[in-house]
Amino acid sequence: MTSIINGVTFFTDGLTTSMSHQRANFKFTEENERILKEHHIYTAPRNKTNIQRFKRNGVFQMGVNSIVEPYSMVLQGNWFMSIGAFTSTNSSLPVNSVVGRYSSIAHNVTRMFGNHPVDRFTTSMLTYDSQVTAFNDYLAENDVSFDLVENPNKNSSPIVIGNDVWVGQDVRFVSTGVTVGDGAIIAAGSLVTKDVPPYAVVGGVPAKVIKYRFPEKDIEKLMELKWWQYGFADFDTIRFDDPIDVFIEKIEEKVANNELEPYKPKVLTYKDLV
């Protein structure tokens, strides 16, 4: 039960990326509240009596390609993108985004709007966008038409965020698609213009690799183990402040002793809502 997207392995079956931003609309009825609760989907982080922040009979949305794992937290916005277990997002990521497990997305993380072609006589939308009313009215008044040429930039492409990723506040992604590898960290205020390697710490405008979280040998072992395929309830021998080499040894021992089973929860899609 895995999906591999742009080299990142997600332990959720059926995940896909798409340019489509199609969403289905739902009312936050008692029944849909029950369904979200049954699937352990949270939109409020620290309220035991009310784990949802949507208003009764208000509208929320889910992408038609979105798959939501239990124990995930969508804490901003009114739509669900694909998001893995134990991940929290404080930003309304584009609905065609894919986020893995155990990741943390801070406030005001956004994808920039479209890139314009730069090798034509003008960067204006007039060369490729047929929906701009001002341009269309001008051409109609002058009884002129032109053959538009498609924008070569693939704007509104998906953001793909791996597992155990931390995206800091006010990070911006370019519109043409970025993949963030497992274990990476993106510093607050960064502009991410290209893919981020696993376990890299990047920052700046544009974002560049500052360092890596761990030594190369440890990163190789972590990428081999892919510890995020498991539920952390099984990490009974792990101390949360174990040095990374000790953590790796303990997980390796559990794997060798067949003490870990991949976490395969029941997921939520728009077809489960009413």
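Every read-out reported here was derived from the displayed coordinates using simple, explicitly stated rules and does not represent laboratory data. Treat the numbers as computed from the prediction; the structure is a model and nothing was measured. So basically every Cβ, Gly included, is an ideal-geometry build from the backbone, and we count neighbours across all protein chains shown.
Any chance you could run the full-extension gain for LYS217 through GLU150? It's 0.36 nm times the residue separation minus the Cα-Cα distance, nm to one decimal.
Gain on extension, LYS217 to GLU150, equals 19.6 nm.
Loop-only chymotrypsin sites (Phe, Trp or Tyr not before Pro) in the range 65-164, please: DSSP not H, G, I, E or B, and at most 12 other Cβ atoms within 10 Å.
Within the range 65-164, the qualifying chymotrypsin sites (Phe, Trp or Tyr not before Pro) (loop, at most 12 other Cβ atoms within 10 Å) are PHE113, PHE121, PHE146.
Quick check: pseudo-label points 7 Å beyond the Cα along Cα→Cβ at GLU224 and VAL64, how many nm apart are they?
My value for the distance between the label points is 4.4 nm.
Please check: in the Gaussian network model of the chain (C-alpha springs, under 10 Å), which one of GLY84, GLY203, GLY58 has the largest mean-square fluctuation.
Judging by the Gaussian network model, the answer is GLY58.
Nothing charged except the Cβ atoms of Lys and Arg (+1) and of Asp and Glu (-1): what's the magnitude of the dipole of the range 83-164 about its Cα centre? Round to the nearest 20 debye.
Roughly 600 debye, rounded to the nearest 20.
Between HIS116, HIS40, HIS107, which gets the highest mean-square fluctuation from a Gaussian network model of the chain, Cα cutoff 10 Å?
Largest GNM mean-square fluctuation: HIS116.
Could you check which residue among ASN258, ASN108, ASN57 shows the biggest mean-square fluctuation in a GNM of the chain with a 10 Å Cα cutoff?
In the Gaussian network model the winner is ASN258.
Take each of the peptides 204-214, 3-13, 157-167, average the number of other beta-carbon atoms within 10 Å over its residues, and list them starting from the highest.
157-167, 3-13, 204-214
According to a simple spin-label model (label point 7 Å from Cα along Cα-to-Cβ), what is the distance in nm between ILE244 and ASP143?
Distance between the two pseudo-spin positions: 7.1 nm.
Using 0.36 nm times the number of residues separating LEU191 and THR16, minus their current alpha carbon distance, what extension gain do you get?
The span from LEU191 to THR16 would gain 60.5 nm if fully extended.
Please identify every one of the trypsin sites (Lys or Arg not before Pro) in the range 95-156 that sits in a loop by DSSP and has no more than 14 other beta carbons within 10 Å of its own beta carbon.
When the trypsin sites (Lys or Arg not before Pro) of the range 95-156 are filtered for loop state and at most 14 Cβ neighbours within 10 Å, ARG120, LYS154 remain.
Shape verdict for the range 1-158, please, from the Cα gyration tensor: rounded (a/c under 1.5), prolate (a/b greater than b/c) or oblate.
Here the range 1-158 falls in the prolate category.
Under 1.5 on a/c is rounded, so check that first for the range 178-274, then, if it is not, pick prolate when a/b is larger than b/c and oblate when it is not; a ≥ b ≥ c are the square roots of the alpha carbon gyration tensor eigenvalues.
Judged from the Cα gyration tensor, the range 178-274 comes out oblate (a/c at least 1.5, b/c at or above a/b).
Across bins of 5 angstrom width beginning at 0, how are the C-alpha pair distances of the range 74-198 distributed, in whole percent?
With a bin width of 5 Å, the distribution comes to 2, 11, 18, 20, 13, 9, 9, 9, 6, 3, 2, 0.
Give the Rg (one decimal place) followed by the Dmax (whole number) of the chain, computed from C-alpha coordinates and expressed in Å.
Looking at the chain, its Cα Rg and Dmax stand at 21.4, 78 Å.
Please work out the FRET efficiency for the pair ASN57 and PHE113, using the Cβ-Cβ distance as r and a Förster radius of 25 Å; give the result to the nearest 0.05.
Efficiency, from the Cβ-Cβ distance: 0.20.
Using 7 Å Cα-to-Cβ label points, what is the ALA134/HIS40 separation (nm, one decimal)?
Here the answer is 5.2 nm between the modelled labels.
If you place +1 on the Cβ of every Lys and Arg and -1 on the Cβ of every Asp and Glu, how big does the dipole about the Cα centre of the chain come out, in debye to the nearest 20?
Approximately 740 debye in magnitude.
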